[in-house]
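FYI, it's all coordinate maths here, none of it is from the lab. None of the values given here were measured: they were computed from a predicted structure. With ideal geometry, Cβ positions are generated from the backbone for all residues, glycine too; neighbour counts draw on all protein chains shown.
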Amino acid sequence: MREVDNAETEYKHLLELGAESIQEVTDVGEGIKIASLKDPFGNRFGMIENPNFNPKEIR
């Protein structure tokens with residue numbers, strides 16, 4: 001899973017680069033959005049947009 005700032009923009013960009021959609025961008029609540037894709041080599045990966053997560057708060 002990779003964190004992104006804008007799930008819709010990144011999702012569209014990856015499709016333009018040849019990725020295949022597994023799950024379109026979905027709002028799962030509290031502003032959190034997720035999506036799953038497959039790259040041209042068959043590798044599956046996901047992305048998450050989570051405005052509530054601040055990596056600076058993790059130690």
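Subtracting the Cα-Cα distance of PHE53 and LEU17 from their residue separation scaled by 0.36 nm leaves 10.2 nm. Extending 7 Å from Cα along the Cβ direction at GLU30 and again at ASN6 yields two label points whose distance is 2.5 nm. Computed log10 I(q)/I(0) for the chain at 0.23, 0.26, 0.29 Å⁻¹: -0.87, -1.02, -1.19, from the Debye equation with unit scatterers placed on every C-alpha and solvent omitted. Backbone amide hydrogens, once placed in the peptide plane, bring VAL4 within less than 5 Å of ILE48, GLU49, ASN50, excluding anything fewer than 5 places away on its chain. Charged side chains reduced to their Cβ positions (Lys and Arg at +1, Asp and Glu at -1) give the chain a dipole of some 260 debye around its Cα centre. Take 34-42, 15-23 and order them by the average number of nearby Cβ atoms within 10 Å per residue, most first; the result is 34-42, 15-23.
Mind pulling the angle between the C-alpha long axis of helix 7-16 and the longest principal axis of the chain? Nearest 10 degrees, somewhere in 0 to 90. The angle comes out at about 20 degrees. From least to most packed, judged by other beta carbons within 10 angstrom and beginning with the fewest, ILE32, ILE58 follow the order ILE58, ILE32.
Calculated [222 nm] ellipticity per residue, helices only, for the chain: -5000 deg cm²/dmol; basis is -39500 (n - 2.57) per DSSP H run with n ≥ 4, divided by all residues, nearest 500.
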